[in-house]
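The values are calculated or read from the model by the stated rules, or taken from the named source; none is laboratory data. Please read all numbers here as calculations on a predicted model, not as lab measurements. Here Cβ is always computed from backbone atoms with ideal geometry, including for glycine, and neighbour counts include all displayed protein chains. In case anyone asks, the SASA skips ligands and DNA or RNA and just uses the protein heavy atoms, side chains included. Shrake-Rupley method; radii C 1.70, N 1.55, O 1.52, S 1.80 Å.
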Amino acid sequence: MSYENIEVRTEAGTVGIITLNRPKALNALNDALMTELGTALKAFDADESIGCIILTGSERAFAAGADIRAMANYSFADVYKGDYITRNWETVRSIRKPVIAAVSGFALGGGCELAMMCDFIIAADNAKFGQPEIKIGVIPGAGGTQRLPRAVGKSKAMDMALTARMMDAAEAERAGLVSRVVPFDKLADEALGAALVISGFSRIAVMAAKESVNRAFEGGLSDGVMFERRLFHSLFATADQKEGMDAFVNKREPVFTHL
Ligand code: CO8
């Protein structure tokens, strides 16, 4: 499959890497790009050999938002009836394998929202996060008003959504928006290292962990804890649980079969 707005490759046979590639527009997210991204994500999700996916951009921009030029002249009727802008933005949420966002440069508007839809964010020290939609007369439309407060708390989320100020990588790490910050020239290796660690584990256990952590954002504590318990119990039906625990008991490295 050939793509025009993204680049797709694999590393070590187990990690899928998708690079957003509209450099002239700072990777602004248009309909074609989001459709290609969804196709590539689904293909990696369906590929048995892939254990983890990395989504990244360029040094200057992860993505500077939804494509303002493309949506400038839409009417309410256009966007509501056609579900334009938003219709192909949810795919990343449906991916069952972990997706790591490796963010350098601008992650603004829909770019920040796309990064937050991923499972965790590793940032380069030049990363800048923001929800500047208020400056162009709209608000975040891909979950920014919901995921940002869950990640950084109400006060910082309000500050960012209402003043449009950007958060640098150091602040983003302090606030819990990103899991790690590294110099730009280490970003690809850091993300790949994390992805290789993940892809070395039992695929079933990894999917269950992702599903259960995500539950924390979508329901109450009691439901989440019960959901986690049922998933935890169900992992005892897998060969990987037997292998992982036997390997520990016998002081050897496990060989997971993802069964
Ligand atoms: N859309 C389209 N083109 C863009 C975008 C964008 N979001 N961002 C940058 N570009 C283009 C510029 O127009 C420029 O193109 P050209 O060279 O042809 O004029 C090129 O990229 C380089 O940009 P700048 O010259 O502006 O570069 P600077 O370094 O001066 O500034 C900034 C960089 C600060 C990132 C600046 O470009 C900027 O403010 N961009 C817009 C940021 C923004 O407002 N983002 C939010 C967009 S709205 C949104 O994302 C809503 C999400 C809703 C999602 C709904 C789906 C579910």
Residue among LEU192, LEU187, LEU235 that alone is among the aliphatic types (A, V, I, L, M), part of a helix (DSSP H, G or I), at pLDDT below 95 and open to solvent by less than 40 Å² (accessible area, probe 1.4 Å)
LEU235
Look through ASP31, ASP78 and report the one residue that is open to solvent by 10 Å² or more (accessible area, probe 1.4 Å) and either farther than 20 Å from GLY141 by Cα or in contact with an Asp or Glu (Cβ under 9 Å, 6 or more places away or on another chain) (or both).
ASP31
Could you say which residue among ALA63, ALA40 is under 21 Å from PRO132 (Cα atoms) and at pLDDT 95 or above?
ALA63
Filter result for ALA12 (of a type in the set (Gly, Ala, Ser) and more than 17 Å from ALA107 (Cβ to Cβ))
yes
Checking the condition surrounded by 17 or more Cβ atoms within 10 Å (Cβ to Cβ) and assigned to a helix (DSSP H, G or I), which residue from VAL206, VAL225 passes?
VAL206
Restricting attention to helices (runs of 4 or more DSSP H) lying wholly within region 5-100, give those where 3 or more residues are closer than 21 Å to LYS210 by Cα and within 16 Å of the ligand (Cβ to nearest atom).
31-46, 91-94
Report the residue count in region 113-164 for those that are within 10 Å of the ligand (Cβ to nearest atom), touching a residue at least 40 places away in the same chain (Cβ under 8 Å), within 20 Å of SER179 (Cβ to Cβ) and part of a helix (DSSP H, G or I).
1
Among the residues of region 67-123, which ones are within 22 Å of the chain's Cα centre (by Cα) and of a type in the set (Phe, Trp, Tyr)?
TYR84, TRP89, PHE106, PHE120
